[in-house]
Amino acid sequence: MTASDPRRETHRDAHSDAHGAIDAVWRMEAARIIAGLARMVHDIGLAEELAQDALVAALEQWPESGTPDNPGAWLMAVAKRRAVDRIRRQQRLERKLEEIGHGLEDEDPAPEFDAVLDTDPIEDDLLRLVFTACHPVLSAQARAALTLRLLGGLTTEEIARAFLVPEATVAQRIVRAKRTLAEAGVPFEVPEGAERADRLASVLEVVYLIFNEGYAASGGTSWMRVDLCQEALRLGRVLAGLAPQEPEVHGLVALMEIQASRTRARTGPSGEPVRILDQNRGLWDRLLIRRGFAALLRAEKLGAPPGPYVLQAAIAACHAQARTAEETDWARIAALYELLVRLTPSPVVELNRAVALGMAYGPARGLEVVDALGSEPALKDYHLLPSVRGDLLARLGRLDEARTEFERAASLTRNLPERTLLLSRAAACTPS
Amino acid sequence: MRFLMMTTETESVPDERLMAEMGRFIEEMSRAGVLLATGGLDPRATRITSSGGKVTVTDGPYTEAKEAVVGFALIETRTKEEAVELSKRFWRIAGDGAGVIQQVFGPEDPMPGR
């Protein structure tokens with residue numbers, strides 16, 4: 001079709017148009033509706049069911065009546081009416097049972113629920129929903145699926161496609177997660193006090209897991225996985241609006257914005273990964289970088305000592321700030337990694353620190369740290385350890401040792417373009 | 001998916017109430033993680049044409065209604081339908097007028113021609 005094709009100008013089929021519009025409204029409003037209902041019924045599984053009922057009503061009525069002026073409010077009103085009906089039925093049943101047991105007890109059937117009908121800020125409910133869906137009683141995978149479903153409005157099929165698992169697996173994960181939450185009696189609330197930090201970490205972990213699932217894109221068709229990155233970014237931005245006083249939320253948003261800015265540059269023409277130092281920085285998305293810097297600034301303004309996400313974002317910002325790879329402030333990156341390794345001790349972080357030290361102060365300094373990591377069992381089969389060591393050795397002119405390391409790294413990676421690169425580096429270490 | 005929503009003409013001169021409602025709408029879009037950037041545009045456009053190696057710069061023509069606000073919003077939504085829905089919400093506040101929505105290729109989209 002060319003741009004002047006008249007078919008493009010014709011009005012689209014009214015029916016599929018209506019369904020597309022309803023679908024869009026649903027994705028935009030699902031989280032708020034489910035959140036509002038969950039506060040009424042204290043059960044996110046039931047809340048989702050009631051919200052789905054409202055969606056079905058919309059699918060039946062809107063194609064005939066047209067989309068209402070405020071579709072979100074329409075869906076919410078229908079869903080709440082159903083929730084009240086359901087609660088009243090339940091209460092009548094309970095009262096009957098009680099009457100049989102203890103005799104009469106006169107009580108207004110549903111004052112609490114009518115009270116809920118006036119508008120308490122929906123933002124509070126959304127935050128409660130985030131914390132509930134990401135409750136640590138659930139596995140990270142279950143939290144991710146439930147979050148995408150309840151807060152992203154994604155279908156089970158879409159989640160399955162994104163995570164490259166069968167639809168039935170995701171369906172079961174979600175059903176089990178809801179049951180686990182109900183059985184554990186997880187309250188629908190925002191945790192306060194000492195509990196809050198851990199619970200927030202649990203939320204951020206899930207958002208970053210969703211992001212990385214898309215960012216890593218290690219297999220499968222990548223379009224849906226790229227959507228995961230965007231969905232994680234969206235969730236992060238929403239979360240930053242809901243909990244603006246939490247520096248780590250802004251830190252995570254900053255980290256994701258800056259990482260996402262490199263999407264276009266980080267793979268080569270045939271899909272091979274391109275290292276950050278070799279990337280064409282002109283392909284980095286300036287808008288996302290700017291948003292990332294702004295989020296990082298918001299985090300820093302809150303004045304707390306930097307947490308792991310703020311530190312990682314600060315490292316990402318160092319790269320984003322350098323106009324060329326040579327301009328990278330490696331000393332600052334090494335210092336940030338040192339803070340990070342103290343907060344979250346991990347051999348992988350330590351390896352990154354070694355790289356930064358090697359860049360900032362010469363290969364010998366990096367090699368010291370790498371050699372201290374040599375016996376780390378977690379890195380036994382991690383190809384980047386010999387790869388980094390090979391690089392440092394080569395820069396020191398210890399070519400024989402470097403070649404052995406590159407060959408070992410090549411044997412450990414399953415990524416073909418990476419293996420090719422490592423083998424060519426090994427070959428380059430052979431004196432001619 | 002990124003979309004650029006632009007108003008090309010608006011009939012209504014914004015009053016205080018409209019500005020307040022629009023402010024709320026913009027805030028809501030930011031909080032929903034949808035709005036990437038937004039701004040008003042000076043209706044006095046400078047037009048640039050290039051033809052046969054010659055670049056011509058002309059000021060105007062200016063729109064009649066100088067007080068009418070034209071503007072843009074760069075948004076990120078999951079589908080085009082979501083962008084259209086947001087646009088409907090915008091016009092419910094803005095009143096009569098016209099605009100366009102165009103997809104903007106973001107970092108996740110392949111470079112055109114690549």
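Look through A:V349, A:V388, A:V341 and report the one residue that is β-branched (V, I, T) and over 27 Å from the mean Cα position of the chain (by Cα). Even if it seems obvious, please write down each step before you answer.
On the way: A:V349 fails: over 27 Å from the mean Cα position of the chain (by Cα); A:V341 fails: over 27 Å from the mean Cα position of the chain (by Cα).
Unique residue meeting the criteria: A:V388.
Would you check if A:L392 is touching a residue at least 24 places away in the same chain (Cβ under 8 Å), closer than 18 Å to A:L422 by Cα, in contact with a Leu (Cβ under 8 Å, 6 or more places away or on another chain) and in a helix (DSSP H, G or I)? Lay out the reasoning, then the answer.
Values: touching a residue at least 24 places away in the same chain (Cβ under 8 Å): yes; closer than 18 Å to A:L422 by Cα: yes; in contact with a Leu (Cβ under 8 Å, 6 or more places away or on another chain): yes; in a helix (DSSP H, G or I): yes.
Judged against the criteria, A:L392 is a match.
In the list A:E123, A:E205, which residue meets the criterion of being away from chain B (no Cβ under 14 Å) and surrounded by fewer than 20 Cβ atoms within 10 Å (Cβ to Cβ)?
A:E205
Scan segment A:334-386 for residues that are modelled with pLDDT of 95 or more, of a type in the set (G, A, S) and either closer than 23 Å to A:A313 by Cβ or buried (at least 21 other Cβ atoms within 10 Å of the Cβ) (or both) and jot them down.
Listed by number, the residues that qualify are A:A334, A:A335, A:A354, A:A356, A:G358, A:A360, A:G366.
Has segment A:59-67 got any residue that is among the polar types (S, T, N, Q), outside any helix (DSSP H, G or I) and within 13 Å of chain B (Cβ to nearest Cβ)?
As a first pass, look at segment A:59-67 and keep what is among the polar types (S, T, N, Q): A:61, A:65, A:67.
Retained after the next criterion (residues that are outside any helix (DSSP H, G or I)): A:67.
Checking which are within 13 Å of chain B (Cβ to nearest Cβ) leaves us with A:67.
Yes: segment A:59-67 contains one or more residues that are among the polar types (S, T, N, Q), outside any helix (DSSP H, G or I) and within 13 Å of chain B (Cβ to nearest Cβ).
Testing A:V170 on (1) at pLDDT below 90; (2) crowded, with 20+ Cβ neighbours inside 10 Å, one condition comes back false. Which one is that?
(1)
I'm trying to understand the selection: among the residues of segment A:60-80, which are of a type in the set (A, V, I, L, M) and surrounded by 19 or more Cβ atoms within 10 Å (Cβ to Cβ)?
Start the filter on segment A:60-80 by keeping residues that are of a type in the set (A, V, I, L, M), which leaves A:73, A:75-79.
Scanning segment A:60-80 gives A:L75, A:M76, A:V78, A:A79.
If you go through segment A:294-316 one residue at a time, how many are in a helix (DSSP H, G or I), over 14 Å from A:L336 (Cβ atoms) and either more than 14 Å from chain B (Cβ to nearest Cβ) or of a type in the set (V, I, T) (or both)?
Pass one, segment A:294-316, residues in a helix (DSSP H, G or I): A:294-301, A:308-316.
After this cut, where a residue has to be over 14 Å from A:L336 (Cβ atoms) as well, the list is A:294-295, A:297-298, A:301.
From the residues that got through so far, the ones that are either more than 14 Å from chain B (Cβ to nearest Cβ) or of a type in the set (V, I, T) (or both) too are A:297, A:301.
Looking only at that region, the number is 2.
I need the full set of residues from segment A:364-383 which are of a type in the set (D, E, K, R) and either part of a helix (DSSP H, G or I) or touching a residue at least 40 places away in the same chain (Cβ under 8 Å) (or both), in order please. Steps first, please.
As a first pass, look at segment A:364-383 and keep what is of a type in the set (D, E, K, R): A:365, A:368, A:371, A:376, A:380-381.
Matches in segment A:364-383: A:R365, A:E368, A:D371.
Tell me yes or no: at least one residue of segment A:265-283 is free of Cβ contacts under 8 Å to residues at least 40 places away in the same chain, part of a helix (DSSP H, G or I) and surrounded by fewer than 21 Cβ atoms within 10 Å (Cβ to Cβ).
Checking segment A:265-283: at least one residue is free of Cβ contacts under 8 Å to residues at least 40 places away in the same chain, part of a helix (DSSP H, G or I) and surrounded by fewer than 21 Cβ atoms within 10 Å (Cβ to Cβ).
Under the condition of being of a type in the set (D, E, K, R) and at the interface with another protein chain (Cβ under 10 Å from one of its Cβ atoms), which residue from segment B:28-48 is surrounded by the most Cβ atoms within 10 Å (Cβ to Cβ)? Steps first, please.
Going residue by residue through segment B:28-48, those that are of a type in the set (D, E, K, R) are B:28, B:31, B:42, B:44, B:47.
Checking which are at the interface with another protein chain (Cβ under 10 Å from one of its Cβ atoms) leaves us with B:28, B:31.
Values: B:E28: 14, B:R31: 17.
So, considering only residues that are of a type in the set (D, E, K, R) and at the interface with another protein chain (Cβ under 10 Å from one of its Cβ atoms), the one surrounded by the most Cβ atoms within 10 Å (Cβ to Cβ) is B:R31.
Can you name the residue in segment A:303-321 that is surrounded by fewer than 16 Cβ atoms within 10 Å (Cβ to Cβ) and either in contact with an Asp or Glu (Cβ under 9 Å, 6 or more places away or on another chain) or aromatic (F, W, Y) (or both) and, of all such residues, is modelled with the highest pLDDT?
Residue satisfying both the conditions and the ranking: A:Q321.
Quick one: A:Q245 ticks every box in (1) assigned to a helix (DSSP H, G or I); (2) at pLDDT 90 or above except a single one, so which number is it?
If we test A:Q245 against (1) assigned to a helix (DSSP H, G or I); (2) at pLDDT 90 or above, just (1) comes out false.
Considering only residues that are facing another protein chain (nearest Cβ under 9 Å) and out of contact with any Asp or Glu (no Cβ under 7 Å at 6 or more places or on another chain), which ones fall in segment B:79-91? Show your work before the answer.
Of all residues in segment B:79-91, those facing another protein chain (nearest Cβ under 9 Å) come to B:79-86, B:88-89.
Selection gives B:T79, B:K80, B:E82, B:A83, B:V84, B:E85, B:L86, B:K88, B:R89.
Condition check: within 11 Å of chain B (Cβ to nearest Cβ), farther than 28 Å from A:V190 by Cβ and surrounded by fewer than 16 Cβ atoms within 10 Å (Cβ to Cβ). Does A:R262 satisfy that? Break it down into steps so the answer makes sense when it comes.
Working: within 11 Å of chain B (Cβ to nearest Cβ): yes; farther than 28 Å from A:V190 by Cβ: yes; surrounded by fewer than 16 Cβ atoms within 10 Å (Cβ to Cβ): no.
It is false that A:R262 is within 11 Å of chain B (Cβ to nearest Cβ), farther than 28 Å from A:V190 by Cβ and surrounded by fewer than 16 Cβ atoms within 10 Å (Cβ to Cβ).
The values are calculated or read from the model by the stated rules, or taken from the named source; none is laboratory data. Only a predicted model underlies this, so the values are computations on that prediction, with no experimental measurement involved. Cβ atoms come from the backbone with ideal geometry, glycine included; neighbour counts cover every protein chain shown.
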